[in-house]
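Taking it in order: structure first as structure tokens, then the write-up.
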Amino acid sequence: MGPAKEILMKITDKMIQTPKALAVFVTNIAGKDVDWEMSFQFKLDKDEPFFLEIKNRIITLSDGAKSDAIIILTGKSDAIMRICEGKGDFTHAISREEITVEQGKVMDVIRLTRAITIVLKLK
């Protein structure tokens, strides 16, 4: 397991136990809560490819490539590690060109950052 996946796994393990973090993945549409379904493919320099899926407020982290990933992120493992340590966020990593959103919406990546930030504030 690569360094970025390892630290992201620790964050997601805490995320699934944190109702406030999971609430980030729910959108209210016309008075009805709708669970956010999203998949992130990570292709990083010090990690083998891995992906994160969010569905029905369940978060899974898996090895390999997800052919139908909605978001594809490439770049430096160190940037993901800094994000998961609270020393930065995806917005800064993208602006510094440490992480590139190859496919998908940056706003969806920022939503993941919000959930990570909630978990980090629990410490």
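A compact table of results
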read-out	value
Listed candidates (i) 11, 44, 38, 7, 0; (ii) 14, 41, 28, 13, 4, 0; (iii) 14, 49, 33, 5, 0 - label of the one calculated as P(r) over Cα pairs in 10 Å bins from 0, in percent	(iii)
In segment 51-123, GluC sites (Glu not before Pro) in a DSSP loop with at most 10 other beta-carbon atoms within 10 Å	E97
Relative contact order [Cα under 8 Å, 6+ residues apart], the chain, whole percent	27
Between 0 and 90°, nearest 10: helix 106-120 axis offset from the chain longest Cα axis	80
Helix axis angle, 3-15 relative to the chain longest principal axis, alpha carbon, degrees	10
Long-range lysine pairs (8 or more apart or interchain), the chain, Cα under 13 Å	11
Phi-based couplings in Hz for segment 69-83 (Karplus 6.51, -1.76, 1.60; Gly and Pro marked x)	4, 7, 10, 10, 10, 10, x, 9, 4, 4, 5, 5, 4, 4, 4
Around I16: net Lys/Arg minus Asp/Glu count, Cβ-Cβ under 15 Å	+2
For segment 45-50, Karplus couplings with θ = phi - 60° (6.51, -1.76, 1.60), whole Hz, Gly/Pro x	5, 10, 10, 6, x, 8
Other-chain or far-sequence residues with amide H under 5 Å of R57's (modelled H)	W36
Per residue solvent-accessible surface (Å²) - the chain, probe of 1.4 Å	56
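The values are calculated or read from the model by the stated rules, or taken from the named source; none is laboratory data. Quick caveat: nothing in here was measured; it's all calculated off a predicted structure. Cβ atoms come from the backbone with ideal geometry, glycine included; neighbour counts cover every protein chain shown. Please note that ligands, DNA and RNA were not included when accessible areas were found on the heavy atoms of the full protein model with its side chains. Shrake-Rupley method; radii C 1.70, N 1.55, O 1.52, S 1.80 Å.
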